[in-house]
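Beneath this line is the structure, given in structure tokens, with notes to follow.
The values are calculated or read from the model by the stated rules, or taken from the named source; none is laboratory data. Computed from a predicted structure; not experimentally measured. Note: ideal-geometry Cβ built from the backbone for every residue, glycine included; neighbour counts use all protein chains shown. The protein model used for the area step is the full one, side chains on, heavy atoms only, and it has no ligands, DNA or RNA in it. Shrake-Rupley method; radii C 1.70, N 1.55, O 1.52, S 1.80 Å.
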Amino acid sequence: MGIMSKILGGQGNRSVDDYVELDLDDFAEATGEAGVQVHIAEIADKGDVIPIKDAVYDGDFVIADITRHSTSDRTVEHIIDELRQVADEVDGDIVQKGDDQLILTPTGMKISREKLE
């Protein structure tokens, strides 16, 4: 399974052991500041939406794990509606990938609905 399959989801179940914590001191320093950061978030309840909204308002990209909720759960419907409103406000984009991930983009970034071949 490739790295993008692990990030965006592939076949099988994922666990905390599937992720590796990297020590940035092991890598050469970047030559400049990043304009956009990619955040990984987990949504367990409505309170987890606030830092996601802040990140998108600040111009960052967010991949949020919603596996704690079923897609028929009213809470997840409310959360998706709230985040959709944020994406609309900043002229960004939001998609749900499968039943377990939301991807949000900031101003000026859109998510293609077509897979790369």
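Taking amide H atoms as placed 1.01 Å from N in the peptide plane, list the residues 5 or more away in sequence, or in a different chain, whose amide H sits under 5 Å from that of M109.
none
V95 to L22: FRET efficiency via 1/(1 + (r/R0)^6), r the Cβ-Cβ distance, R0 30 Å, to the nearest 0.05?
0.70
What distance in nm separates the simple spin-label points at E82 and D54, each placed 7 Å from Cα in the Cβ direction?
Once both label points are built, they end up 1.4 nm from each other.
At what distance in nm do the modelled label points of E33 and E114 sit from each other, each positioned 7 Å from its Cα along Cα→Cβ?
3.7
Please list K115, K97, K46 in order of solvent-accessible area, largest first, computed with a 1.4 Å probe with all protein chains present. Intermediate values should be presented prior to the final figure.
Numbers: K115 180, K97 70, K46 110 Å².
Heavy-atom accessible area, descending, gives K115, K46, K97.
Could you tell me the calculated FRET efficiency between T107 and K46, based on Cβ-Cβ distance and R0 = 35 angstrom, to the nearest 0.05? Walk me through the numbers on the way to the answer.
Values: r = 24 Å, r/R0 = 0.69.
According to the calculation, E is roughly 0.90.
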